[in-house]
Each structure stands twice: as structure tokens, then as C-alpha cells.
Amino acid sequence: NEIATMMEVSVTRIISACMSLGIMVTMNQRLDAETLSIVAEEFGYEVEFITADIEEAIPEEEDAEEDLKPRAPIVTVMGHVDHGKTSLLDYIRKENVIAGESGGITQHIGAYGVTLDDGQKITFLDTPGHEAFTAMRARGAQVTDIAIIVVAADDDIMPQTKEAISHAQAAGVPIVFAINKIDKPTANVDKIKEGLANMNLLVEDWGGKIQSHDISAKTGQGVKELLEKVLLEAELLELTANPDKLGSGTVVEAFLDKGRGYVATVLVQAGTLEIGDYVLAGTHSGKIKAMFDERGNNIEKAGPSIPVSLLGLDGAPQAGDKFHVFEDEREAKQIAVKRTQLQREQSVRTQRHITLDEIGRRIALGDFKELNIILKGDVDGSVEALTDSFQKLSTDEIHINIIHKAVGAITESDVLLASASDAIIIGFNVRPMGNARIVADREEIDIRTYSIIYDAINDLKDAMEGMLSPEM
Ligand code: GDP
């Protein structure tokens, strides 16, 4: 309907143009970039995608090898509710006292850095949980280098533990397990490690490669060793960044402070941020008036992996927005204004996710090699049966990847994972719960629900062969 209006032709002509391309559409369906281009061409128009231009307006220069310096790992803590994520972050925050500092970290700015005895540094994102992690990823921001997954030893491997594992794996972020609450008499560390082994996650003392440490976030037992293991993992990643250029990175949180104006906490990922810099962050811009660290100290500069709160933006950007420093204040401002306009024009889409209907066409075009699936079912048996059958459908052309499977309804967190990983969601005898449907519509995630295993397998098979008749 929109493109018909823009080109001043009737909707039926667009629909029949799509049909002649083998695409069945309804009036309100959104077309992907490629179809839009082809259809527009039929009517003598050329499509220009404005959003892409704006992103490209910010050049991402390659760094020379010799300019890259080591940087501290950035860590997110995840795990099931009440397993001790907040307690662990609090313990680390309180106990880590840098020489010359009078106390622990008192301010909550969304991220904090700690320095270990030997001078090595780790940066923690202070919003625990895989939802925040994946929400950022769905916005295109990958900040975390390593995930600590906390599992309470007096409990079990719980649904959200499994979710956290899938979310970290889908992002390709290495995991270090923290088996928590070992001060409790009911703690059973081996039961947890066995549970992990049953999920094909072999921790070190079970002969595997995944790091894990037994801790108590309450007494602090083992926390230091846990952090050492995080650093070992970081060493393997050889994390580097070029500190000698204009700063860029990701917004962690932002809010309006009555006295100080807009305060944004950002994590510098490359270059160095300095007072007086002109910053563009999401749809906002401004000149940095002041910067603070997590101890409330004024700072002048912040290099890679350093979190800072900054003052001077003309609004509050969203968590996950990227920020860039510009030489020219006007340029930063112009892009911010353009982005705001685009945001208002809801019709301009930045991203489009895969749907079952589209798979066959994309495979035929040869640009689609991997299909990510999130599988939710009512019982373990059906989830496993479907996993097996789906995986058997993998061909040389297309690999089927089950990035997360679990028993239970389809949740908002599943939808965010699908959005971050460009996946489709298949539910067997389960339905979307709570906000999941609304978020799925917004993010354009394809959710398919089935009650007959055979139907689910057949649909996927048909889709891969480009034979699926569109869902009406
Ligand atoms: P979160 O939901 O994962 O952030 O969990 P919290 O950090 O809020 O912890 C949940 C509860 O477990 C709180 O009552 C904590 O005091 C308690 N807790 C956390 N870690 C430990 C621990 O190592 N030992 C004991 N005994 N209790 C803990």
C-alpha cells in the first residue's frame, strides 16, 4: 500500500507485480529491500534506501596492526533469577579498592571497572541478565566479550540458566561458569557440573574446556579466582583497540538529571573520549562538558573498555545506541537531526528478519546459508524429536541451526534472541506469552506454532524448497 501510494499506482498492480515474481503479498505486507527495488523498477522507479546512507556516513577506518593496544575485557553477568547475579556484582564492586581510593564504588552508572592485585583490569556491565544483553544485540550493539553465568549450587540448572547459555552462545561470547552459594550446606556443586555435562558443556574439572569456579557471592570465597579465570579467557581472545583516534563505542544507559541535564553512560570501545569532544549518540548530539567515572571522580579522558558518564548531550540516547566523536559539531548535529526525522517516518525500516515464506527464495538467490531456529515446546520429548528432525533437513546449501530450545511458552526474551540472531521461532503446542507477540510484531519476527510434529517438519521442508504457500 505504501509503495503504491508513493508511486501513484493502484495496490492491485503492485500485488500482481509481486505475484509475477512468485511472491504472494497482501496489501499491508512489508516487502524486503530487494523485492522493493525490483517492483519499483517495473514501474520505472529507482529505490534509494536512506537509512543505510546515514549509517554509512560514519566511516569505520581500519586500524594498523601497530596501533592496536591491549584492552580490558568487558563482562556481563547472567543466570537464573535469585542465583546471585546482583550479589556477585555487588561483592566485586565493594571489595575492589584501588590503591589511593578511599572506598569501593558508590555510584551506579551502568558499568564499572575493577583492577586486580596484579594491575589487570576488568570492566563489568552492571545490568545483569541475558535480556539486557540480547536487547543490546538486537539493536546491533555487541559490547560483551565474556559472559559469567551464575548457577546456584543449592538449586539446579534452571530455564533461565539455559536461556543465558543459549544467548551467550548465539552471540559467540565465551562463558565462564560461577557455581554460586557454596557457603550453603545444601550446595551440591557436582550436581550442577553434571547437569552442565548433560548439556554437552564440560567444565574443566570434568575434563572439558569451559572455565568454571565455585564461589560464594555472600562470603566472597572463590571470587578472586573466578576473576582470574575470566582474565585467562580474555587472554585467549587477544582483545585490542586503537586508543589514538576519535572515540566511539556504545551507550549503556542514559537519563535526565534534574541538576545536571542529560547524563549518558557510555562504554568506549575504540579511540579516546575527551572533554570538549563533539559526540553523536543515536539521535542526540552535543559537546562533552564533563565526564565522571564510577567513583564519581571527574575525568578528562577515557580510552577503550572504560565506562564513563558524560554530560552535554541534548537528549537521552537509548541503551545500545552507538556513539561517535566528530571533528565538526555541525556534522554530528546534522546526522542526529536526520536520524530523528527518519525515526519519525516509521515506514523506513533498518532491518528485516527472515520469515519461513522467504527462505526458499533467499536460498534460490544463493545469499542464504544458515537458518537459525528457536524451538519451544510443551514437553521435552517433542522438543527433542523436532530438533532431530529439523537438523536432518540440513543440506549442503543450507545449514539448520537450533540456537535455543526449551520447554515452555514463547517469551519476549525468545523474540529478542530471534531479533538479535535473525532467527524464526517455532512453537510446538505452546504460544507466545505476555509481550512476546507485540515485540515480535514490532521486530518482525516470524513465529510459527504447530500441534502436529509432521506439519512443522513439512512446513520447514517446503519452505526450504521454496514451495511453502504463504500464510494468510
Ligand atoms: P539475582 O536475582 O541473580 O541477582 O540474585 P541476588 O543476587 O539478588 O540473590 C538472590 C538471593 O540469594 C539473595 O537473597 C542473596 O542474598 C542470596 N545469595 C546470593 N549469593 C549468595 C551466596 O553465595 N550465598 C548465600 N548464602 N546466599 C546468596
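Looking at region 127-156, which of its residues are in contact (Cβ under 8 Å) with a residue 60 or more places away in the chain, more than 17 Å from Glu233 (Cα to Cα), in contact with a helix residue (DSSP H, G or I) (Cβ under 9 Å, 6 or more places away or on another chain) and within 14 Å of the ligand (Cβ to nearest atom)?
The answer is Thr127, His130, Glu131, Val151, Ala152, Ala153, Asp155.
Of the conditions (1) under 21 Å from Leu267 (Cα atoms); (2) more than 16 Å from the ligand (Cβ to nearest atom), Asp118 satisfies every one except a single condition; which number is it?
Of everything listed in (1) under 21 Å from Leu267 (Cα atoms); (2) more than 16 Å from the ligand (Cβ to nearest atom), Asp118 misses just condition (1).
Taking the stated definitions as given, is Phe133 aromatic (Phe, Trp, Tyr) and modelled with pLDDT under 95?
Judged against the criteria, Phe133 is a match.
Pairs, please: C-beta under 6 Å, at least 6 apart or cross-chain, first residue modelled with pLDDT under 85 and in region 323-348, second open to solvent by 40 Å² or more (accessible area, probe 1.4 Å)?
Leu342/Val348; Ser347/Glu2
So, in region 363-414, exactly how many residues are outside any loop (DSSP other than H, G, I, E, B) and among the aromatic types (Phe, Trp, Tyr)?
First, pick out the residues of region 363-414 that are outside any loop (DSSP other than H, G, I, E, B): 363-365, 370-377, 380-392, 399-407, 410, 412-414.
Now narrow it down to the ones that are among the aromatic types (Phe, Trp, Tyr): 390.
So the count comes out to 1.
Restricting to region 87-109, name every residue that is modelled with pLDDT under 90 and within 16 Å of the ligand (Cβ to nearest atom). Spell out how you get there, then give the answer.
Residues of region 87-109 that are modelled with pLDDT under 90, as a first pass: 93-109.
Result: Arg93, Lys94, Glu95, His108.
So, in region 165-189, of the ones that are in a loop (DSSP other than H, G, I, E, B) and under 18 Å from Ala234 (Cα atoms), which residue ends up most open to solvent (accessible area, probe 1.4 Å)? Reasoning before the result, please.
Of the residues in region 165-189, the ones in a loop (DSSP other than H, G, I, E, B) are 171-174, 181-188.
Then keep just the ones that are under 18 Å from Ala234 (Cα atoms); that gives 171-174.
On the way: Ala171: 16, Gly172: 62, Val173: 8, Pro174: 30 Å².
Only one residue fits best here, namely Gly172.
Say whether the condition of being more than 30 Å from Val150 (Cα to Cα) and modelled with pLDDT of 95 or more is met by at least one residue in region 231-242. Give the steps one after another, and end with the answer.
Initially, region 231-242 is screened for residues more than 30 Å from Val150 (Cα to Cα), giving 242.
Retained after the next criterion (residues that are modelled with pLDDT of 95 or more): 242.
Looking for residues that are more than 30 Å from Val150 (Cα to Cα) and modelled with pLDDT of 95 or more, one finds at least one in region 231-242, hence yes.
Output the number of residues of region 177-210 satisfying the condition of being within 16 Å of the ligand (Cβ to nearest atom), touching a residue at least 40 places away in the same chain (Cβ under 8 Å) and among the hydrophobic types (A, V, I, L, M, F, W, C).
3
Could you identify the single residue in Thr123, Thr134 that is hydroxyl-bearing (Ser, Thr, Tyr), part of a strand (DSSP E or B) and open to solvent by less than 10 Å² (accessible area, probe 1.4 Å)? It would help to see each step written out before you state the result.
On the way: Thr134 fails: part of a strand (DSSP E or B).
Every option except Thr123 fails the conditions.
Restricting to region 211-249, name every residue that is away from the ligand (no atom under 16 Å from the Cβ) and touching a helix residue (DSSP H, G or I) at 6+ places or on another chain (Cβ under 7 Å).
Initially, region 211-249 is screened for residues away from the ligand (no atom under 16 Å from the Cβ), giving 211, 228-249.
Once the filter is applied, which keeps residues that are away from the ligand (no atom under 16 Å from the Cβ) and touching a helix residue (DSSP H, G or I) at 6+ places or on another chain (Cβ under 7 Å), region 211-249 yields Gln211, Asn242, Asp244.
Residues are listed down the side, and each one gets a yes or a no for (1) under 19 Å from Tyr454 (Cα atoms); (2) modelled with pLDDT under 95; (3) buried (at least 19 other Cβ atoms within 10 Å of the Cβ):
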{"position": "Asp367", "(1), (2), (3)": "no, yes, no"}
{"position": "Ile374", "(1), (2), (3)": "yes, no, yes"}
{"position": "Gly381", "(1), (2), (3)": "yes, yes, no"}
{"position": "Lys392", "(1), (2), (3)": "yes, yes, no"}
{"position": "Asp396", "(1), (2), (3)": "no, yes, no"}
{"position": "His399", "(1), (2), (3)": "no, yes, no"}
{"position": "Lys405", "(1), (2), (3)": "yes, yes, yes"}
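Exactly one condition in (1) in contact with a Lys or Arg (Cβ under 7 Å, 6 or more places away or on another chain); (2) open to solvent by 10 Å² or more (accessible area, probe 1.4 Å) is not met by Ile426; state its number.
(2)
Just one of (1) assigned to a loop (DSSP other than H, G, I, E, B); (2) open to solvent by less than 40 Å² (accessible area, probe 1.4 Å) trips up Gly312, so point out which.
Unmet for Gly312, out of (1) assigned to a loop (DSSP other than H, G, I, E, B); (2) open to solvent by less than 40 Å² (accessible area, probe 1.4 Å): (1).
List every residue pair whose Cβ atoms sit under 9 Å apart, with the two residues 6 or more apart in sequence or on different chains, where the first one lies in region 65-86 and is more than 16 Å from the ligand (Cβ to nearest atom) and the second, anywhere, is basic (Lys, Arg).
Asp67/Lys245; Arg71/Lys121; Ala72/Lys121; Pro73/Lys121
The values are calculated or read from the model by the stated rules, or taken from the named source; none is laboratory data. Quantities reported herein were computed from a predicted structural model and do not represent experimental measurements. Glycine also receives a Cβ, built like all others from the backbone with ideal geometry; neighbour counts cover every protein chain displayed. Only protein heavy atoms, including side chains, enter the accessible area calculation; ligands, DNA and RNA are left aside. Shrake-Rupley method; radii C 1.70, N 1.55, O 1.52, S 1.80 Å.
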